[in-house]
C-alpha cells in the first residue's frame, strides 16, 4: 500500500514541475542529478498553477507517506529523496520571492 502511494506521489509531483526540469518521463525517484543549478531566473509558474494550497498539499502528503512507513521515515531513501526534492523546489521558489 505504501509503495502504491509512493508511485502515485512521484507521478503527481513530477506533473507539478516546470517543463524545463524535464522530469515528467523520469521513471525513478528524483535526486540531485535532477537539480540543475538555479540562477534565480527560472519560471516556477507551473508549480503555482494549483493555487495557494499546493504546497500545503505537498507537505501533507509527505507527512502521510512518512507516517505510513513501517520504520522511521528518515530511514527510507525514497521518502528522503522526495523531501530533498521538495526542499530543492522550495529553495528555487525562494529566489522568486526573495
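The values are calculated or read from the model by the stated rules, or taken from the named source; none is laboratory data. Just so it is clear, the structure is predicted and the values come from calculations on it, not from any experiment. Please note: Cβ atoms are built from the backbone with ideal geometry, for glycine as well, and neighbour counts cover all protein chains shown.
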(request) Filter segment 50-79 down to the residues that are surrounded by fewer than 10 Cβ atoms within 10 Å (Cβ to Cβ) and part of a loop (DSSP other than H, G, I, E, B), then identify the one that is modelled with the lowest pLDDT. (result) 51
(message) On the basis of being in contact (Cβ under 8 Å) with a residue 24 or more places away in the chain, closer than 28 Å to residue 2 by Cβ, surrounded by 10 or more Cβ atoms within 10 Å (Cβ to Cβ) and more than 12 Å from the chain's Cα centre (by Cα), does residue 88 make the cut?
(response) no
(request) Could you look through segment 1-31, keep only residues that are in contact (Cβ under 8 Å) with a residue 24 or more places away in the chain and exposed (fewer than 10 other Cβ atoms within 10 Å of the Cβ), and pick out the one that is farthest from residue 65 (Cα to Cα)? (result) 19
